[in-house]
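One structure below.
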Amino acid sequence: MPETHEPLILDLVAWVAVEPKPYTEVMDAWRTSCPRLPVWEDAVDRGLVARTDGGTAGPVVQATPAGLALLRASGR
């Protein structure tokens, strides 16, 4: 399946791979209502990022092992 927004998905995964980000920050930056640019939704559906319990900090988003593998495979 060709992904016209694959570079953006890689950007999202790389951004949260550095360190987990607060869920609200990720939603502010990456959620969209544009049906042609579902970066957040596609990254979650593909298992590249995941929302996890950040303890007292609240929910966080982090790269999954699949997301990290995709970054390595893409040379990032």
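The values are calculated or read from the model by the stated rules, or taken from the named source; none is laboratory data. Just so you know, these numbers come straight off a predicted model, no measurement behind them. Neighbour counts are summed over all protein chains in view; Cβ atoms, including those assigned to glycine, are modelled from backbone coordinates with ideal geometry.
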> Restricting the first residue to segment 48-76 and requiring it to be closer than 16 Å to ASP11 by Cβ, which pairs with a second residue that is in a helix (DSSP H, G or I) and hydroxyl-bearing (Ser, Thr, Tyr) meet a Cβ separation below 9 Å and a spacing of at least six or different chains?
Replying inline: VAL61/TYR23
> Does GLY54 qualify as being at pLDDT 90 or above and not basic (Lys, Arg)?
Replying inline: no
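I want to confirm something. Restricting to segment 39-76 and keeping residues that are polar (S, T, N, Q) and surrounded by 12 or more Cβ atoms within 10 Å (Cβ to Cβ), which single residue is nearest to the chain's Cα centre (by Cα)?
In the first step, residues of segment 39-76 are kept if they are polar (S, T, N, Q); the result is 52, 56, 62, 64, 74.
Keeping just the survivors that are surrounded by 12 or more Cβ atoms within 10 Å (Cβ to Cβ) gives 52, 62, 64, 74.
Values: THR52: 12, GLN62: 7, THR64: 9, SER74: 15 Å.
Among those that are polar (S, T, N, Q) and surrounded by 12 or more Cβ atoms within 10 Å (Cβ to Cβ), it is GLN62.
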